[in-house]
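Worksheet: the structure to be examined is printed underneath.
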Amino acid sequence: MCRFYQVCFSLCVFLGWVDFAQAAFPIEKFKFTDPQDIVFDSNGNMFVSDSFTCVIYRLSPMDAAGYFFYVKRPFAGDEGHCDRVDGIGQNAHLDRPLGMTVDAANNLYVVDGVISELDKRKNVFVLRKISPSAEVTTLRFLVDDPDLLGYEYRMIDFEMTSSGSLYGSVLATRAGNHADLVVELNLTHLTAKIFAGAAGCGETMLPGTGKNACIGHGLHRYPALYSVAGITKDNADTLYLAHGSSILEIDTHARVTLLAGTPDGTYGFRDGAARSAALMTYSSGVIYHKNRVLFMDNDHPLSISPSSAVIRDYDFLTDNVETLVGDKANLAGYADGVGASAVFGRMMSVGIAVDKREKIYVADRENQVLRVIDSSGPAPETSTLKGFYVPFYPF
């Protein structure tokens, strides 16, 4: 019966008998359970990974003003069924989805957040591929690197370069030995190897090339935390990695350098010259956009008085770090507003993206919403994503 109504509704919209915007239900804010990442495909569709409920939502643009509609059911995955089952739409199951990326054909690639014991023994990385028609398949990348064997892996986020290779930010552990790494995943041969970073090299970031570089693991002094987080790329396929109190740059030859922040885990909150004055606390989501690296800077995990996360940027032209919206002087909470008056939850996610209209979207996990930053005016203004919902996808 539901399928019958879906076909009728779709036909009426297609023939122009029903105005879709009038048929949809307006809502003041999209609510999620645990929004982790945000990506856009070439058609302007927004995808949001919701880790706790183990699903991917699709929000589609309705008009030039930037309103979105979404469906009161997942695009892929079945709410509450957190395991690995391939299939189409809700017939597929996802396992705590985290970071995502999208290829030129609008296929979505998703990190499965929880890796089973069987996967650990087999030394594989598991990703899920989701087609534009919501068909979910499992990709298993066999570890083809002796320096990766025997570790337990937690991939947080990944990025696809113009060559079609995937590069993931990975926390690897073995017998108390930690390694913060960037791993290269080959989609043709389904193999995985270290691209940059080394195991057991200490807490301080040390520049170098490939395995001779130390990404460091300053945050591992705090149990159950990871310091590698979001990863992004520019038009030349240079990678940028959010890493605790720093942002790292990794070029196509695997040369690792400090872009902004401190190499030894020293944290704080201060704008200024990127490597001599600027301090950050706990960077997570990161996105490159027009000579800038935008990133989330969260509250310190052990802070007694939780402060608001903020959105900051590194500007290649000035070589400075500046705060775009939010203020760590504010206690964590929820408030839309201009500039420093905007308030976020204390801990965010890897979810930050820019759409075709150059609006910035961030996943505010603790408030269970997506925040929208419009920097076209004299001062950047933060609002909460709103739009419309319908009971099913019209097409």
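Given a 1.4 angstrom probe, what's the average accessible area per residue across region 152-297, in square angstrom? Show your work: numbers first, answer last.
Details: 5340 Å² over 146 residues.
Ligands and nucleic acids excluded, the figure is 37 Å² per residue.
With a 1.4 Å probe and every protein chain left in place, tell me how much accessible area S305 has, in Å² to the nearest 10.
The accessible area of S305 comes to roughly 80 Å².
Apply the a/c threshold of 1.5 to the C-alpha gyration tensor of region 138-181 and tell me whether it is rounded, prolate or oblate.
Working: a/c = 2.27, a/b = 1.74, b/c = 1.30.
Prolate.
Using heavy-atom solvent-accessible surface (probe 1.4 Å) with all chains present, what is the largest-first order of H93, H178, H253?
On the way: H93 30, H178 55, H253 115 Å².
The ordering from most to least exposed comes out as H253, H178, H93.
K356 accessible area, nearest 10 Å², 1.4 Å probe?
About 150 Å², rounded to the nearest 10.
Take every Cα pair under 8 Å in region 242-386 that's 6+ residues apart, average their separations, divide by the length, and report that relative contact order as a whole percent. Kindly include the intermediate steps, with their values, before the conclusion.
Numbers: 382 pairs, mean separation 22.6, N = 145.
About 16 percent, as a whole number.
Calculate the FRET efficiency for L206 and S42 from the Cβ-Cβ distance with a Förster distance of 35 Å, rounded to the nearest 0.05. If you can, show how the numbers build up before the last one.
Numbers: r = 39 Å, r/R0 = 1.11.
Computed FRET efficiency for L206 and S42 comes out at 0.35.
Tell me, in nm to one decimal, what length is gained between Y334 and E322 on full extension, where the rule is 0.36 nm per residue of separation less the Cα-Cα distance?
Numbers: separation 12, 0.36 × 12 = 4.32 nm, distance 2.15 nm.
My answer for the length gained is 2.2 nm.
Report, in cubic angstrom per residue, the convex hull volume of the C-alpha atoms of region 258-395.
Output value, Cα hull per residue: 130 Å³.
About the Cα centre of region 281-360, what is the dipole size in debye to 20, counting +1 per Lys and Arg Cβ and -1 per Asp and Glu Cβ, all else neutral?
Working: 8 positive and 10 negative charges, 42 e Å.
So the magnitude is around 200 debye.
The values are calculated or read from the model by the stated rules, or taken from the named source; none is laboratory data. Just so you know, these numbers come straight off a predicted model, no measurement behind them. Virtual Cβ from ideal backbone geometry, glycine too; neighbours counted across all protein chains shown. For the accessible areas, the whole protein counts, side chains as well, though only heavy atoms, and no ligand, DNA or RNA atoms are used. Shrake-Rupley method; radii C 1.70, N 1.55, O 1.52, S 1.80 Å.
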